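Okay, so here's the structure we're looking at.
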Amino acid sequence: MRIAIIADLHLGYGRFYADSFEQARRALAEAVKRADLILVAGDIFDAKVPKMEVLSEAIRMFRSASGKRVPIAAIHGTHERRSRGSSNPVQLLAEAGLFTDVHNSSAIFELDGEKVAVHGMGGVPEQYVTNALEACSPKPVEGAFNIFMFHQNIRELVPAPDALGIEQLPPGFDLYVCGHMHARTVLEADGKLLLIPGSTVVTQMRGEEQGEKGFVMFDTKTRKHEFVPIKTRPFVMADIKFENAGISEIAQKCEKTISGIVGKNGPDMPAIRLVLGGSLSKGLMPSDVDVSHLAERSDAIVFIDKEFSSSDMQTAINKLRELRARKSSARELGAERLAEKLKAAGFKLEAEWILDALADGKGDEVVKMLSGKERSR
Ligand SMILES: [Mn+2]
């Protein structure tokens, strides 16, 4: 069977809203042409409660793909995960019959006598991954080609303290498929083949998101895989280091760097992120360096980060670097802190549940749960 593996479409992502749909549509359309089965490894949506416009656009996209009679199996990612008892948008689309949600379950797809069993586990915050794997405990199906699809950081690629090691993955599957990491990667370790297709849209604007985007084709007969690039907006990141620089030197260097990138990237307007570092001339503060006018161009989408070092700023920068290295969203960090506080106070309430309830306007219910006798959920 020819299997297309897609992940991290991030439909509705604010910064590149139109790109998120166009590029996902291209990937799906190409996958439908090439594949007998399509897998989507989470983060189809950028938000756990997407806007109606995003939902309806997504429904249209998947309806057109599923109309081509290629089955699709999907899981939710960390961006769509909601607490127990709440529905997430991936479930919603599955319930509408657009694809099969294989979170904590498996589905068998058959073609010309060949069986492919897809077992899934949706994304969970890093600290819960061991428990989630235990609860899911997927078992390969005899007589089938078995795939385990999940959505987590892999320790071999992202050295986060709670990230999943490849040796922790359930044994006995013919293929492992993972979303979450936005740079495409192939990993072979512990006798396992792990394919990470990467995202179809740039989101965090990190260095590893440069390069081609697309999806992976895997053939169960030959056991070979191939990356299929799709047309996407070029993304280029440039680190520029200065030494005792003044404002005009900085502006000139930025201008020159941007022009160089624009000329080399074909007809599409590129997204460019400049990271300015190093030292400023004496008496000049980072806040004095106004580069906003450089970002106003009609031939590129430009983002400029100032990371100049000066002794009083170093602490703040280090803190930001640390946060970025942990790859956590503000919400995840908040949930972590809240979980610590709840545990210390002897509550058994899930932090994720509280945050979801608050976001859903159920503040009264949260207060009731926290103040009442019922201290668990
Ligand atoms: Mn993602």
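Taken as a whole, the range 108-124 holds no residue that is closer than 26 Å to Y17 by Cβ, buried (at least 23 other Cβ atoms within 10 Å of the Cβ) and away from the ligand (no atom under 16 Å from the Cβ).
Listed by first and then second residue, the pairs with beta-carbon distance under 7 Å, at least 6 apart or on different chains, first residue in the range 171-184 and over 14 Å from G42 (Cα atoms), second among the aliphatic types (A, V, I, L, M) and within 14 Å of the ligand (Cβ to nearest atom), are R184/I196. Among the candidates N88, N104, the residue that is at positive phi and either within 16 Å of the ligand (Cβ to nearest atom) or in contact with a Gly (Cβ under 9 Å, 6 or more places away or on another chain) (or both) is uniquely N104. Checking each residue in the range 37-56 for being of a type in the set (D, E, K, R), on the phi < 0 side of the Ramachandran plot and part of a loop (DSSP other than H, G, I, E, B) picks out D46, K48, K51. Within the range 24-71, the set of residues being more than 27 Å from E352 (Cβ to Cβ) and β-branched (V, I, T) comprises V32, I38, V70. Selection of the range 118-136 for residues being in a strand (DSSP E or B) and either under 14 Å from G179 (Cβ atoms) or over 24 Å from the mean Cα position of the chain (by Cα) (or both) yields V118, G120, M121. When you scan the range 91-100, do you find a residue that is assigned by TED's automatic domain parsing to the domain that holds L194, part of a helix (DSSP H, G or I) and within 16 Å of the ligand (Cβ to nearest atom), even just one? No, because not a single residue in the range 91-100 is assigned by TED's automatic domain parsing to the domain that holds L194, part of a helix (DSSP H, G or I) and within 16 Å of the ligand (Cβ to nearest atom). For the range 106-135, a residue qualifies if it is among the hydroxyl-bearing types (S, T, Y) and either touching a strand residue (DSSP E or B) at 6+ places or on another chain (Cβ under 6 Å) or at pLDDT 95 or above (or both), and exactly one does: S106. Evaluate the following for L157: is it in the same structural domain as D8 (by TED's automatic domain parsing), without any contact (Cβ under 8 Å) to a residue 60 or more places away in the chain and part of a helix (DSSP H, G or I)? When the stated conditions are applied, L157 does not pass them. When A73, A65, A29, A7 are checked against the criterion of being within 23 Å of I147 (Cα to Cα), assigned by TED's automatic domain parsing to the domain that holds H180 and within 16 Å of the ligand (Cβ to nearest atom), A7 stands alone in meeting it.
For the structure I just gave you, tell me whether Y17 is without any contact (Cβ under 8 Å) to a residue 24 or more places away in the chain and either hydroxyl-bearing (S, T, Y) or buried (at least 21 other Cβ atoms within 10 Å of the Cβ) (or both). Judged against the criteria, Y17 is a match. Per the listing G198, G172, G143, the residue uniquely within 26 Å of R273 (Cβ to Cβ), assigned by TED's automatic domain parsing to the domain that holds Y17 and part of a loop (DSSP other than H, G, I, E, B) is G198. G246 passes every criterion in (1) in the same structural domain as F21 (by TED's automatic domain parsing); (2) surrounded by fewer than 18 Cβ atoms within 10 Å (Cβ to Cβ); (3) at pLDDT below 95 apart from (1).
Take the residues of the range 203-230 that are under 18 Å from P270 (Cα atoms) and modelled with pLDDT of 95 or more: which is farthest from the ligand (Cβ to nearest atom)? Can you show your working first?
Keep residues of the range 203-230 that are under 18 Å from P270 (Cα atoms), which gives 203-214, 229-230.
With modelled with pLDDT of 95 or more added as a condition, the list becomes 213-214, 229-230.
Values: K213: 13, G214: 15, P229: 19, I230: 17 Å.
Result: P229.
The number of residues in the range 31-53 that are over 16 Å from Y17 (Cβ atoms) and either in contact with a Gly (Cβ under 8 Å, 6 or more places away or on another chain) or not small (G, A, S) (or both) comes to 12.
The values are calculated or read from the model by the stated rules, or taken from the named source; none is laboratory data. This structure is a prediction, so every number in the text was calculated from the model and none was measured. Glycine gets a Cβ as well: all are built from the backbone with ideal geometry, and neighbour counts include every protein chain shown.
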